[in-house]
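Encoded as structure tokens, the structure appears first; notes follow it.
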Amino acid sequence: TAKRSGYVILALFILIAHGVWAVHRYQFESLPEPLTAQHVGKRGFSEVEAMKHVVELTQLGPHPVGSDKLELGLQYVLEAAENIKKTAHWEVDVEVDLFHVSSGANILVGGLFKGKTLVYSDLKHVVLRIAPKYVSEAADSAILVSSHIDTVYSAEGAGDCSSCVAVMLELARGISQWAHGFKNSVIFLFNTGEEEGLNGAHSFITQAGPHPWAIENYALVAKYPSAQILAQDLFTSGFIKSATDFQVYKEVAGLSGLDFAYADNTAVYHTKGTYMVVFRQRLANMLYNSVITQSIMIWGTSLVMGGRPAVISLSLSLLSVVLMWIFSLIFSSTIAFILPLISSSPVPFVSTPWLIFGLFASPAFLGALTGQHIGYLILKGYISRVLSKKMENLSPVVQSNWAKLEAERSLYKSDGLLEATLSPARAPKALKTITLLFALFVPFLISGGMFIRLAGTLAGMAVRLDRNPGGSPEWLGSVMVAVYISAVVCLTLVYILSYIHISGAKRIIAIASFIVCGLSLTVVISGIIPPFTDDISRAVNVVHVVEASARNGENKEPNSFISLFSTTPGKLTKEIEHIDEGFVCGRENITDFVTFTTSYSCWTEDDSVNGWTKNDIPTLDVETDSKTDERFTQVTIDTKLSTRWFLAINANKIQDFRLKDAENDEELIQIGTKSGSDGWHNIQYSGGKNAPKRFGLTLYWVKNHTQV
């Protein structure tokens, strides 16, 4: 009988939802209670003590490179390190050093800083080295633990990365009490300049060889390990518009290591979980290849034994899979395109990631069910025609049931599982529920929680998706999330979808999915749940722009205006209503900030003439210009008060260049191969309070290029 209870299917859905939620909570939300210093003793790690460091550093306010507040942050870390030295075990050597870096240049070939030369001056770092006193080999072998003290200009840096500094200080305190049993020394580097281009790490690093020990040992000893190769792949691909010091350690020095970073929706900690699966690449290849081989063998055997009808059945089964993906993507992406038209924000789910379930998962599932059911009906129709010719002695009812069951099994077989009828002469039976549970158990146990967490991560990325404000379509962030959700639905629920077609649950499930999506859209339209909150807010940049561009020595009066823009997609209408300062928004005032361009912004000239003078404007003066076949131009740069600046050089016209510190006669960028990005090479400079402000730039033009 080709019939399955709809209640069984509904029960399975409830079981799956509960199971995935339980896995997510177990992996990511079951955290240990914070321990005090009294609980852990001298050798343990106290979260309470670490949090005290976070509070002290964040109370300083923003402390970027070159600020007085950063000097206070350095002093705080230095005093904490000196205290660790004083209280260390008598068989443990602890060295503390505050060292100064005069200047340097860092050229990275990939990631966020591709096509840039990162120049730095006047940086300070704190280094804490802990080693066993009586183990001689420890002097030549060390583990580096590194993070940065400096912050961006607009934030106190609790997450980026005072929390990292706090963990390192508390970890160092504990290690200093039992490192006499170590075989290696441990170096804690508290650097500055990370926010300006990973400069602190570059100024410190030395060469060493890579080795895969790090991830393996981390999994062995960490109480709550969490590591995802997908997250690292996203970082290295440039999909996540961010970077960490680990890029320098890996790319410049070839070091193996572990990269810890916040990857959730900009507010939630992401280095927790309770178990971790680790295996070598060779085993991974063997596992993946065995699954692929097994699927091919099942398909091949079925085709050989079934002949031409089996080939057609398999083709139609694969067609149902294709239709499932197509309809799922269409349904969920349609919602993504609609959101900018009905919501005050094109990413209304940022503050409430669970809206993703109603906005994208429901239509994605409905689309997947629709697409696969269309394929199922086509397949069932073909099998019915074959049976009517070959088995005329069977009653129409039996033929109909046979076709339904065979179509169901063919759909299941197309996804590569074992329970399939290999003999075309054997009457098919209804798929067993235990087979479905077996198919779902392992994937959901391993990946269920990560699927939910990655969805939240993608939602958080939408907050700063557009590095060139207004340069990308408003719907892009939502489409990214919609495509991801569709992929998850199609990959994880493909087996359970095969069970629905002969059950009475199709209509109920479809109606329920439609209602959930409709309610979510109603919530978005009504504004009951705001897209942003105090904890997860929309960052809006306020920049005082002084435009002083001129060519060929023309005397042009500078003009100024206040510019507002955001890397979060969407209009700034509501923000401007709150400010009420005469701002005009649109795409007419495109501003090039060298490293990015604002295609959409809001601006006003009210009160913009205050706060600056002509003497504050950096100048570029051409000293000499040799217009020969091998043309070169010497330029003097005076940055006036600025110790943080950017300069873009046209790579299509300038073949090479060098940069010198004119105050100390020190070469900062040497002649050599320069990489470009989109036809430009950028110099990104940052320095401390005593960094130089006068530079000499020599440009070497492309041969036979004479245009000014």
task: Filter the range 88-97 for residues that are at pLDDT 90 or above and loosely packed, with under 12 Cβ neighbours inside 10 Å and give the result.
output: 90
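Residue-wise test of (1) open to solvent by less than 20 Å² (accessible area, probe 1.4 Å); (2) among the basic types (Lys, Arg).
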residue	(1), (2)
448	yes, no
455	yes, no
460	yes, no
464	no, yes
469	yes, no
473	no, no
486	yes, no
489	yes, no
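For every residue, the table says whether it meets (1) assigned to a loop (DSSP other than H, G, I, E, B); (2) open to solvent by less than 100 Å² (accessible area, probe 1.4 Å); (3) at pLDDT below 80.
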residue	(1), (2), (3)
7	no, no, yes
10	no, yes, yes
13	no, yes, yes
24	no, yes, yes
28	no, yes, yes
51	no, no, no
message: Please determine whether any residue of the range 521-539 is out of contact with any strand residue (DSSP E or B) (no Cβ under 6 Å at 6 or more places or on another chain), open to solvent by less than 40 Å² (accessible area, probe 1.4 Å), touching a residue at least 60 places away in the same chain (Cβ under 8 Å) and small (Gly, Ala, Ser).
response: no
field: Which listed residue, of 78, 70, 60, is under 26 Å from residue 120 (Cα atoms) and either of a type in the set (S, T, N, Q) or touching a Lys or Arg at 6+ places or on another chain (Cβ under 7 Å) (or both)
entry: 60
- prompt: Name the residues in the range 25-56 that are of a type outside the set (D, E, K, R) and more than 28 Å from the chain's Cα centre (by Cα), would you?
  reply: 35, 36, 37, 38, 39, 40, 41, 44, 45, 46, 48
query: Across the range 531-571, which residue is farthest from residue 618 (Cα to Cα) among those that are outside any strand (DSSP E or B), among the aliphatic types (A, V, I, L, M) and within 34 Å of the chain's Cα centre (by Cα)?
result: 536
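Suppose we keep only residues that are among the acidic types (Asp, Glu) and in a strand (DSSP E or B) within the range 644-668. Which one would you say is farthest from residue 595 (Cα to Cα)?
Once the filter is applied, the top-ranked residue is 666.
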task: Being out of contact with any His (no Cβ under 8 Å at 6 or more places or on another chain), closer than 30 Å to residue 467 by Cβ and either open to solvent by 70 Å² or more (accessible area, probe 1.4 Å) or not in a helix (DSSP H, G or I) (or both) narrows it down to one of 63, 39, 100, so name that one.
output: 63
task: Please work out which residue is nearest to residue 645 (Cα to Cα), limiting yourself to the range 169-201 and to residues that are open to solvent by 10 Å² or more (accessible area, probe 1.4 Å), aliphatic (A, V, I, L, M) and in a helix (DSSP H, G or I).
output: 171
query: Residues 70, 78: which one is farther than 30 Å from residue 184 by Cβ, of a type in the set (A, V, I, L, M, F, W, C) and at pLDDT 90 or above?
result: 70
- prompt: Filtering the range 572-583 down to residues that are outside any helix (DSSP H, G or I) and touching a Ser or Thr at 6+ places or on another chain (Cβ under 7 Å), which residue is most open to solvent (accessible area, probe 1.4 Å)?
  reply: 581
query: Got a sec? Which of 407, 403, 439, 430 is touching a Leu at 6+ places or on another chain (Cβ under 7 Å), part of a helix (DSSP H, G or I) and modelled with pLDDT under 70?
result: 439
- prompt: Could you give every pair whose Cβ atoms fall below 7 Å, whose first residue belongs to the range 571-588 and is basic (Lys, Arg), and whose second residue is part of a loop (DSSP other than H, G, I, E, B), counting only separations of at least 6 or pairs across chains?
  reply: 574/344; 587/470; 587/599; 587/600
message: Tell me whether the range 599-609 contains one or more residues that are closer than 21 Å to residue 115 by Cα and in contact (Cβ under 8 Å) with a residue 24 or more places away in the chain.
response: no
- prompt: Of the residues that make up the range 139-157, is at least one assigned to a helix (DSSP H, G or I) and closer than 23 Å to residue 45 by Cβ?
  reply: no
message: Checking the condition closer than 21 Å to residue 164 by Cα and of a type in the set (Val, Ile, Thr), which residue from 92, 109, 54 passes?
response: 54
statement: By residue number, the members of the range 604-630 that are under 17 Å from residue 544 (Cα atoms) and open to solvent by 50 Å² or more (accessible area, probe 1.4 Å) are 605, 606, 607, 609, 610, 611, 612, 613, 614, 615, 616, 618
message: For the range 135-162, which positions are touching a His at 6+ places or on another chain (Cβ under 9 Å) and more than 16 Å from residue 64 (Cβ to Cβ)?
response: 135
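The values are calculated or read from the model by the stated rules, or taken from the named source; none is laboratory data. It should be emphasised that the depicted structure is a prediction, and the values quoted were computed from it without experimental measurement. Backbone-built Cβ (ideal geometry, glycine too); neighbour counts: all protein chains shown. These area figures cover heavy atoms from the full protein model, side chains too; ligands, DNA and RNA do not enter into them. Shrake-Rupley method; radii C 1.70, N 1.55, O 1.52, S 1.80 Å.
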